[in-house]
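Taking it in order: structure first as structure tokens, then the write-up.
The values are calculated or read from the model by the stated rules, or taken from the named source; none is laboratory data. This structure is a prediction, so every number in the text was calculated from the model and none was measured. All Cβ positions, glycine included, derive from the backbone under ideal geometry; neighbour counts span all protein chains shown.
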Amino acid sequence: MPGGPLAEDVFVNPVGEGADPHVVRDGDRYLWCQSEGNVGVAIWVSDRLTSMGRKHVVWWAPTAGPYSREVWAPEIHRFDGRWYIYLAASDGRNRNHLTYVLEAAGDDPLGPYDVRGPLWTGDGTPGAGENRWSIDLTVLEHADRRYAVWSGWPDADHDLQHLYIAEMTSPTELVGPRVLLWRAGTRVWERTQETPQSRGLLEAPQVLARGHRTFVVYSCAASWLPTYKLGMIELTGDDPLDPGAWTGFAEPVFAASKMTYGVGHGSYVRSLDGGQWWHVFHAKRDRDHGWRRALFVQPLAWDDDGAPLFGSPVAAGTPLALPARTPRHQVSTRRVWDLSGDDALAQFDYFGHHQFVAEAPDGVHLGCVPAVPINDYRTGEKLVLRDGHYDDLTLTATFRFVNDARAAGVLFRITGASVGYDAQRGYFAGIALDRRALVVGKTDGRGWTPLAETALDVDVAGWQAIDVRAVGDHIEARTGTARLEVYDQDYPYGSVGLRVVDSHAVFTSLTVTPEHPSPHHDASA
């Protein structure tokens, strides 16, 4: 419906910010394993695939040492009743990247974890000779045995990235020597510049197994370019350690479209009912060289012979049907959030750069840029109440600008939220500090339409309070002595939330009250 809300049985991409998503299903929830600013590992826990849920940083790298920097592409796996996270890390120099394992103390994916490794990813037997550069290690289980598959250099002086394999004696130990599984650059489309002269680069192997067929999907070309893509090999023999037992596909299985490019390094997971397969991957935010990326989710199909059908990458903002059995817990009663309390964000979904949100004793910081941001970009960072459904309402928020002050305020009657400045359908009322104005406007998922604005005498360093009342097509916003009144009927219902635009603000409270309350109301402390 152009200019109107999205239905509650659809979602849009991108669902989050980041790269190298590794998602596993753990009962009725999903665990998203992500690098935290390249110096830690975070597990985001969600009851659905269409938003990442709540972030838990489960491990921070030490301040110095061989695995203190460049923490890349962590993957979480559960073996023998215990959780393990495989990651690449270095001392700050890429040439020193090796693979380490975080081993959980028990059967809790949120830890605590102890560091093991580095794993032996070199030639010869473990400890004999020099260990070799390795990243993106994953685990293949076949015929009751486990194998590690990773991206590695042939030696310390050549940064060709081949795929290697070795058997595992335990989740934290490999049997050497490594075996060259698949050589990089055998096809031009696997090379960084897609030219015969550029170097071969294979990375991010992921196992995709179904029925009697086992595949390894890999990323290739250059992750910093729009031409990043996926290739695939299949185990057609009996022994995974025999390179001759693998057969490659002659063409990429997943490549850029006009609208979605730089696609790769994904993972594969089933819907909560087990009947659907979903492909989670990252894509570039722009065509410039660099690693500014966002996370996408789309269906994965299978042909009649049991081979995966990836299709084309979906365009941002395209409505897709929710994965089967996605929960819907409609929230439409009165709610009060003390955002300086524990679990302040437990009921909200965050859309923005993973380093730009923080819970602190003074409230929730939105749009906060750390001292050392990693591949950062602004997106009008926002928090949206999960499963919120309000039509006529009163909404109140308190907040304070910290710096980079452009605008901050509240969202209401919001559907179709995703990563992006205007990537939601609904209304925004806020203080535009750069213009000293109270503003009301709407977004349609692609752009911003101002509805009203009035001058505002505002204390830049002080606490702000904004109140919104929306009844039918009548919207009224107030802050201090300023008041706006507009009429618009494009968005009659949706969720509520908080948003900043090129600003850092700390929010301390949010209250939503329906104009026609149900017989029961509740509050979240």
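Could you list, in sequence order, the residues of region 477-513 that are surrounded by fewer than 18 Cβ atoms within 10 Å (Cβ to Cβ) and under 25 Å from the mean Cα position of the chain (by Cα)?
Correct list: 502 only.
If a residue must be in contact with a Ser or Thr (Cβ under 6 Å, 6 or more places away or on another chain) and within 30 Å of residue 197 (Cα to Cα), how many such residues does region 231-278 contain?
6
When the residues of region 104-124 are filtered to those that are more than 21 Å from residue 181 (Cβ to Cβ) and assigned to a loop (DSSP other than H, G, I, E, B), which remaining residue is modelled with the lowest pLDDT?
Within region 104-124, the match that is modelled with the lowest pLDDT is 106.
Does any residue in region 176-197 that is in contact (Cβ under 8 Å) with a residue 40 or more places away in the chain and over 11 Å from residue 161 (Cβ atoms) come within less than 6 Å, Cβ to Cβ, of a residue that is assigned to a loop (DSSP other than H, G, I, E, B) and among the small types (Gly, Ala, Ser) six or more places away or on a different chain, and which pairs are these?
Filtered contacts from region 176-197: 176/124; 177/124.
Go through region 164-188 and count every residue that is in contact with a Ser or Thr (Cβ under 9 Å, 6 or more places away or on another chain) and surrounded by 15 or more Cβ atoms within 10 Å (Cβ to Cβ).
The qualifying residues number 9.
Pairs, please: C-beta under 6 Å, at least 6 apart or cross-chain, first residue within 16 Å of residue 320 (Cβ to Cβ) and touching a residue at least 24 places away in the same chain (Cβ under 8 Å) and in region 267-285, second part of a strand (DSSP E or B) and of a type in the set (Val, Ile, Thr)?
269/23; 278/269; 278/297; 280/23; 280/297
I'd like to check which strands (runs of 3 or more DSSP E) are fully inside region 125-216 and have at least 1 residues that are on the phi > 0 side of the Ramachandran plot and in the same structural domain as residue 234 (by TED's automatic domain parsing).
Strands (runs of 3 or more DSSP E) meeting the threshold: 134-142, 202-210.
Name the single residue that is surrounded by the fewest Cβ atoms within 10 Å (Cβ to Cβ) among those in region 222-277 being touching a His at 6+ places or on another chain (Cβ under 6 Å) and in a loop (DSSP other than H, G, I, E, B).
Selected residue: 224.
Any residue in region 440-451 that is crowded, with 16+ Cβ neighbours inside 10 Å, more than 27 Å from residue 296 (Cβ to Cβ) and in contact with an Asp or Glu (Cβ under 7 Å, 6 or more places away or on another chain)?
There is at least one residue in region 440-451 that is crowded, with 16+ Cβ neighbours inside 10 Å, more than 27 Å from residue 296 (Cβ to Cβ) and in contact with an Asp or Glu (Cβ under 7 Å, 6 or more places away or on another chain).
Which one is nearest to the chain's Cα centre (by Cα), of the residues in region 215-252 that are of a type in the set (Ser, Thr, Tyr) and within 13 Å of residue 181 (Cβ to Cβ)?
Checked region 215-252; the qualifying residue nearest to the chain's Cα centre (by Cα) is 218.
Which numbered condition in (1) out of contact with any Phe, Trp or Tyr (no Cβ under 8 Å at 6 or more places or on another chain); (2) in contact (Cβ under 8 Å) with a residue 24 or more places away in the chain; (3) under 30 Å from residue 270 (Cβ atoms) is the only one that residue 125 fails?
The single condition residue 125 does not satisfy is (3).
Check region 48-57 and report whether any residue there is without any contact (Cβ under 8 Å) to a residue 60 or more places away in the chain, part of a strand (DSSP E or B) and under 24 Å from residue 25 (Cβ atoms).
Checking region 48-57: at least one residue is without any contact (Cβ under 8 Å) to a residue 60 or more places away in the chain, part of a strand (DSSP E or B) and under 24 Å from residue 25 (Cβ atoms).
Among (1) surrounded by fewer than 22 Cβ atoms within 10 Å (Cβ to Cβ); (2) on the phi < 0 side of the Ramachandran plot; (3) within 27 Å of the chain's Cα centre (by Cα), which single condition is residue 70 missing?
Tallying (1) surrounded by fewer than 22 Cβ atoms within 10 Å (Cβ to Cβ); (2) on the phi < 0 side of the Ramachandran plot; (3) within 27 Å of the chain's Cα centre (by Cα), residue 70 fails exactly one: (2).
Whether any residue in region 83-103 is among the small types (Gly, Ala, Ser), in a loop (DSSP other than H, G, I, E, B) and not assigned by TED's automatic domain parsing to the domain that holds residue 142 is what I want to check.
For region 83-103, residues among the small types (Gly, Ala, Ser), in a loop (DSSP other than H, G, I, E, B) and not assigned by TED's automatic domain parsing to the domain that holds residue 142: absent.
Give region 80-105 a look and list any residue that's farther than 17 Å from residue 37 by Cα and β-branched (Val, Ile, Thr), or say none.
99, 101
When region 413-427 is examined, which residues are found to be farther than 15 Å from residue 392 by Cα, aromatic (Phe, Trp, Tyr) and touching a Leu at 6+ places or on another chain (Cβ under 8 Å)?
None; the set is empty.
Cβ contacts < 9 Å: first residue farther than 11 Å from residue 32 by Cα and free of Cβ contacts under 8 Å to residues at least 24 places away in the same chain, restricted to region 67-79; second residue surrounded by fewer than 22 Cβ atoms within 10 Å (Cβ to Cβ) and of a type outside the set (Lys, Arg), any location; separation 6+ or different chain. Result?
Listed by first residue and then by second, the contacts come to nothing, as the list is empty.
Among the hydroxyl-bearing types (Ser, Thr, Tyr), in the same structural domain as residue 426 (by TED's automatic domain parsing) and over 30 Å from residue 291 (Cα atoms), is that true of residue 394?
yes
Using the structure shown, decide if residue 201 is more than 26 Å from residue 280 (Cα to Cα) and surrounded by 14 or more Cβ atoms within 10 Å (Cβ to Cβ).
Spelling it out, it is not the case that residue 201 is more than 26 Å from residue 280 (Cα to Cα) and surrounded by 14 or more Cβ atoms within 10 Å (Cβ to Cβ).
Spot the failing condition for residue 346; the list is (1) part of a strand (DSSP E or B); (2) within 19 Å of the chain's Cα centre (by Cα), and only one is missed.
(1)
Looking only at region 379-414, how many residues end up being charged (D, E, K, R), farther than 17 Å from residue 471 by Cα and surrounded by fewer than 24 Cβ atoms within 10 Å (Cβ to Cβ)?
5
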